[in-house]
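This report concerns only the one structure given below.
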Amino acid sequence: MKHTGELLQSPKGMRDLLPYEERYYAEIIRVAREIAEWYGFQAIATPHLEHTGLFEASLGESTDIIEKQMYSFRTKGGDALTLRPEGTAPVMRAYLEHGMHTYPQPVKLFYSGAFFRHENPQAGRTREFYQVGLEMIGDPEPINDAMVIRLFSLIVRELGVPLTIALNSIGDRECRPAYRKDLVAYYRRHINRLCADCKRRLKINPLRLLDCKEEACQAIRGKAPKIIDRLCEPCQRHFNEVREFLDAVHVPYEIDPYLVRGLDYYTRTVFELFSALPEKQSAHLAIGSGGRYDDLAKTMGSSRAVPAVGGALGVDRIAELLRAQGKEDRDRIIKKEAPAVFVVQLGQTAKKKLLHWIEDLRHADIPIAHVFSRDSLKAQLKLADRMGTPWAVIVGQKEALDETAIIRDMRSGEQEVVPLNKLVFALKGKIKKK
Ligand code: HAM
């Protein structure tokens, strides 16, 4: 049994989203979903738990996620399950499991939710985090790659975050092996100056050498061969077309010839999105990323090849940027979104009647606030004042019996008694005038 101090804290790297933070998450997901749906994506939800083997088969043996970041466990029934560290493998599993190859292709799917990686928590990196993802499955055409990148760019811009996009192609099973060989040969010549991690990468996952953040390794990278100079003709053509489509819709991007990704399922296009805001964290942490994964279905055991492309936005990182940008504090957010009416009740009879009547206000789409647990007029009006609601509807014992209500203008203090069956009408008129 843990001692009480620990029980009263959320687990390391996982945190509560308090109401003033959660609303940013909700807004990001709302905007993403609205844009995605307009472009024909349909929402999908997959379980938080999957068979451990699904991720082991798809993300790449020597990736950080598989090596050290999965929350895996055995159930009492003996199943080996893992809390999903990402969404692409589960969505592809769902596509294959439900025979979605019989739908019109590409199948365009949108998802949002929590993902779990046992990482070292630090700014912008948590063990539970939220993503919104887009996947276009079942079509190899480069316009899909451009479409995914464009939609992410539209979503992020619509949220008010200027961004930059890094783009690269990492080839396919035709051209990558020869490149990998050259890369290994190059790095072997500099092996003594590589960090310990890179020495290991050289053996097990050489492409990831390009991703090292150590200064010495970055210096060596400066002269490393670039995959975009070694693409086979079909990959080159594909990449050129992705670029042409992006140019045609004026989505600016920069080619980063050393961009590789932390997941092994990518082929051809890879991309990362960065905020162009001057915040510190924006400099190095991607707010979104993705790419094409034409071989994933086969590595998962599918007999048919299923070309696909997609990506995901890091909702936590974007929420953090929005909060920093807006400089909103808790009170301001509460005030800004104050409902039109505070309903004030005095005594049991009024409480019961009001509980019943406020449904009329909901049906009339009039937002209200209330604290039914308080009985004092003063306390309730004080709260209405703090929240900044322009109107209060007061129902005391007398009004409850007469079936009337008092409408109070919170600014001037003026009051008016209206019959209950005229309340919605009267409030609507007043709200409109304000
Ligand atoms: P990923 O790059 O691992 O890709 O994650 C996508 C985004 O999620 C990142 O760009 C980042 O913003 C956010 N993110 C990742 N890890 C964390 C963390 N520990 N804390 C906070 N935010 C984080 C994928 O997950 C792929 N499934 C994306 C994809 C979809 N590729 C194709 N389709």
Restrict the check to the stretch 292-300 and report whether at least one residue is of a type in the set (Val, Ile, Thr) and more than 16 Å from the ligand (Cβ to nearest atom).
-> no
So is Thr349 at pLDDT 95 or above, surrounded by fewer than 18 Cβ atoms within 10 Å (Cβ to Cβ), polar (S, T, N, Q) and over 38 Å from the mean Cα position of the chain (by Cα) or not?
-> no
Does at least one position in the stretch 386-394 carry a residue that is closer than 13 Å to Lys353 by Cβ and either surrounded by fewer than 13 Cβ atoms within 10 Å (Cβ to Cβ) or at pLDDT 95 or above (or both)?
-> yes
Show the residue pairs that are 6+ apart or on different chains and have beta-carbon atoms under 9 Å apart, the first residue being within the stretch 241-262 and in contact (Cβ under 8 Å) with a residue 24 or more places away in the chain, the second being of a type in the set (Phe, Trp, Tyr) and more than 15 Å from the ligand (Cβ to nearest atom).
-> Arg243/Tyr253; Leu246/Tyr253; Val251/Phe245
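Matching residues to (1) in a strand (DSSP E or B); (2) buried (at least 16 other Cβ atoms within 10 Å of the Cβ); (3) out of contact with any Asp or Glu (no Cβ under 9 Å at 6 or more places or on another chain):
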| site | (1), (2), (3) |
| --- | --- |
| Ala369 | yes, yes, yes |
| Ala379 | no, no, yes |
| Glu399 | no, yes, yes |
| Ser412 | no, no, yes |
Would you confirm whether any residue within the stretch 120-129 is of a type in the set (S, T, N, Q) and crowded, with 23+ Cβ neighbours inside 10 Å?
-> no
Residues of the stretch 239-266 satisfying the condition of being under 14 Å from Leu167 (Cα atoms), touching a strand residue (DSSP E or B) at 6+ places or on another chain (Cβ under 9 Å) and either surrounded by 24 or more Cβ atoms within 10 Å (Cβ to Cβ) or among the aromatic types (Phe, Trp, Tyr) (or both) | Phe239, Val242, Tyr253, Tyr258, Tyr266
If you go through the stretch 18-37 one residue at a time, do you hit one that is surrounded by fewer than 13 Cβ atoms within 10 Å (Cβ to Cβ), β-branched (Val, Ile, Thr) and at pLDDT 95 or above?
-> no
Is it the case that Leu59 is farther than 18 Å from Gly124 by Cα and surrounded by 12 or more Cβ atoms within 10 Å (Cβ to Cβ)?
-> yes
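The values are calculated or read from the model by the stated rules, or taken from the named source; none is laboratory data. All figures in this text were calculated on a predicted structure; none of them were measured in a lab. Every residue, glycine as well, gets a Cβ built from its backbone with ideal geometry; the counts of neighbours run over all protein chains shown.
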